[in-house]
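Quick note: the coordinates plus some simple rules give every number you see, no bench work behind them. What you see is a predicted model; the values in this text were computed from it and never measured. Cβ atoms come from the backbone with ideal geometry, glycine included; neighbour counts cover every protein chain shown.
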């Protein structure tokens, strides 16, 4: 899926449809992922507004307001830009992502308080993004080539027949040993992802809510929720005002203009 192909979200998002013949669980899992990715081809670009709500173990919350821009790269991963608008202590902070189908992704974070651009090293991508329960590696587009796959079973989720697929990160320094993904069999919308840490213990669960269809083709969720089972913290992302094919180009994603991101 194209971040959110992560996010997209970061959104870092996979969607499923008719499958090719697959003989093994590994072949079937890969076929599901490839079909989901194919369904997000040719969106070109989009922008969206996001409200991020952080909740700690005691139930105390803080709210941040963000803008997102994503640009599709045909022969590689997508480029995306996340810009914080409010509150004042994070205003102007911006994250630039260059996702790649193979090898490490490139990420740069602009911190206005320090007035400098910081490159996120490959060894730090498992760290939390701006205090949220999303890791930096979650914020990039989830390219098919970043994982190997294994179909586990079919079962009902959200009142629909769903695929349950296990995927294993192939890139170095991932914070996860594996992820388990639930997606409906008709539209290939992801409804839940379980993330297992480097000790293979359940770390967090992400759920997706209130899907809407855009351009008669692309399904995007209006809300993501992540619960960290080990810390008791959670993060909610509310997405709104999606606009597709607004005319973004690669020039809108230059590293040297990160400090002036608008």
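Sorting 157, 162 by the number of Cβ atoms found within 10 Å of their own Cβ, with the fewest placed first, yields 157, 162.
Taking a ≥ b ≥ c as the square roots of the eigenvalues of the Cα gyration tensor of the stretch 66-114, is the shape rounded (a/c under 1.5), prolate (a/b larger than b/c) or oblate?
On the way: a/c = 4.91, a/b = 2.10, b/c = 2.33.
It comes out oblate by the Cα gyration axes.
In terms of its alpha-carbon gyration tensor, the stretch 172-262 comes out oblate; a/c meets the 1.5 threshold, while b/c is at least as large as a/b. Each Cα pair under 8 Å and six or more residues apart adds its separation to the average, and for the stretch 85-204 the resulting relative contact order is 15 percent. Cβ crowding within 10 Å ranks 193, 51, 139 as 51, 193, 139, fewest other Cβ atoms first.
How do 201, 126 line up, fewest other C-beta atoms within 10 Å first? Show your work: numbers first, answer last.
Details: 201 10, 126 16.
The most exposed by this proxy come first: 201, 126.
Remark: relative contact order (the stretch 134-217) = 18 percent; criterion is Cα-Cα distance under 8 angstrom and separation of 6 or more residues. Multiplying each eigenvalue of the alpha-carbon gyration tensor of the chain by 5 and taking the square root yields semi-axes of 27, 21, 18 Å, largest first, rounded to whole angstroms. Taking every alpha-carbon pair under 8 Å whose residues sit at least 6 apart, the stretch 25-243 reaches a relative contact order of 18 percent. Projecting label points 7 angstrom from Cα along Cα→Cβ for residue 23 and residue 173 puts them 3.9 nm apart.
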